[in-house]
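Here the structure comes first, spelled out in structure tokens, and everything after it is commentary.
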Amino acid sequence: HLGVVEYRTGNRKIGVELFNKALGLFKKVGSLVGQANVLNSLGNAAMDSREFDLALKYFSESIEIKSSLNDRMGLLNSKKNVAIVYRKMNLREEALSIYAEILTEASYHDLKPLKAETYNSIANIFLDFGDYKKAEYNYGEAMKIHTEIGNKIGVGLCKFNLGSLATNQEDFEEAMRLLLECKKIFEEHKSEYLEMTVSAMNHVAKRMAEGI
């Protein structure tokens with residue numbers, strides 16, 4: 001816990017040192033749960049430092065332990081982190097393959113929030129590819145689930161993403177319609193995402209004015 005506190009308050013070097021000390025202690029007492037959690041934290045730290053190979057090593061070790069413990073949610077979380085690293089490395093096909101595994105598991109066990117999050121992550125990769133049609137489909141699937149489980153902020157973020165997608169395709173009227181809808185949601189819930197939505201709307205308005 002001290003390592004997490006130090007790391008999150010900006011003392012990253014001290015945080016990583018404490019993670020490594022904790023890992024040694026957990027190995028000494030034979031706590032597999034502790035080892036898996038600390039390895040995940042070390043993986044996140046390495047990813048933040050763009051040491052991607054090291055991050056993959058830590059996440060892989062965490063996955064191995066979580067698999068032996070039958071820790072389904074922990075395993076899926078570590079797999080998700082691997083996919084994030086692959087995307088940062090521009091290994092998008094590899095990332096999509098991991099997300100497909102996660103989506104299968106989330107569907108089988110009816111883990112709807114994770115399923116929605118995974119659809120959103122898949123959409124982001126298709127956006128990287130410039131495959132707007134597949135990105136739109138996956139954002140839409142995420143939004144359906146958020147609507148079903150009553151996650152209004154999730155719905156708003158999907159509308160924001162679809163608005164950004166419409167902006168990329170220079171469909172500014174559709175972009176503004178979607179951004180207005182998510183602005184209303186974020187205002188109602190006093191969300192931190194309101195500011196970025198207003199900024200996106202201003203950008204779209206500027207692009208519309210330039211086209212007149």
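The values are calculated or read from the model by the stated rules, or taken from the named source; none is laboratory data. Predicted, not measured: the structure shown is a model, and the values here were computed from it. Don't worry about glycine lacking a Cβ; one is built from the backbone with ideal geometry, like all the others, and counts go over all protein chains shown. These area figures cover heavy atoms from the full protein model, side chains too; ligands, DNA and RNA do not enter into them. Shrake-Rupley method; radii C 1.70, N 1.55, O 1.52, S 1.80 Å.
Residues in region 102-118 that are open to solvent by 50 Å² or more (accessible area, probe 1.4 Å) and in a helix (DSSP H, G or I): Thr104, Glu105, Ser107, Tyr108, Lys112, Pro113, Lys115, Glu117. Among the residues of region 89-100, not a single one is modelled with pLDDT of 95 or more and in contact with a Leu (Cβ under 6 Å, 6 or more places away or on another chain). Restricting attention to region 26-68, the residues being surrounded by 13 or more Cβ atoms within 10 Å (Cβ to Cβ), farther than 16 Å from Met89 by Cα and among the hydrophobic types (A, V, I, L, M, F, W, C) number 9. Scanning region 188-202 for residues that are open to solvent by less than 90 Å² (accessible area, probe 1.4 Å) and not hydroxyl-bearing (Ser, Thr, Tyr) gives His189, Leu194, Met196, Val198, Ala200, Met201. If you go through region 62-88 and keep only what is under 13 Å from Ala36 (Cα atoms), charged (D, E, K, R) and in contact (Cβ under 8 Å) with a residue 24 or more places away in the chain, you end up with Lys66, Asp71, Arg72. Listed by position, the helices (runs of 4 or more DSSP H) contained in region 12-81 that have at least 3 residues being out of contact with any strand residue (DSSP E or B) (no Cβ under 9 Å at 6 or more places or on another chain) and within 23 Å of Ala106 (Cα to Cα) are 32-48, 52-68.
Does Leu127 satisfy the criteria of being within 15 Å of the chain's Cα centre (by Cα), under 18 Å from Glu188 (Cβ atoms) and among the aliphatic types (A, V, I, L, M)? No; evaluated as a whole, the condition is false for this residue.
Can Met176 be described as under 28 Å from Arg87 (Cα atoms) and of a type outside the set (Lys, Arg)? Talk me through it step by step, then tell me what you get.
Numbers: under 28 Å from Arg87 (Cα atoms): no; of a type outside the set (Lys, Arg): yes.
It is false that Met176 is under 28 Å from Arg87 (Cα atoms) and of a type outside the set (Lys, Arg).
Taking region 119-164 as the range and being open to solvent by less than 20 Å² (accessible area, probe 1.4 Å) and more than 21 Å from Tyr99 (Cα to Cα) as the test, the residues that pass are Gly156, Gly163.
If you go through region 90-101 one residue at a time, how many are open to solvent by less than 60 Å² (accessible area, probe 1.4 Å) and outside any helix (DSSP H, G or I)? So the answer is 1.
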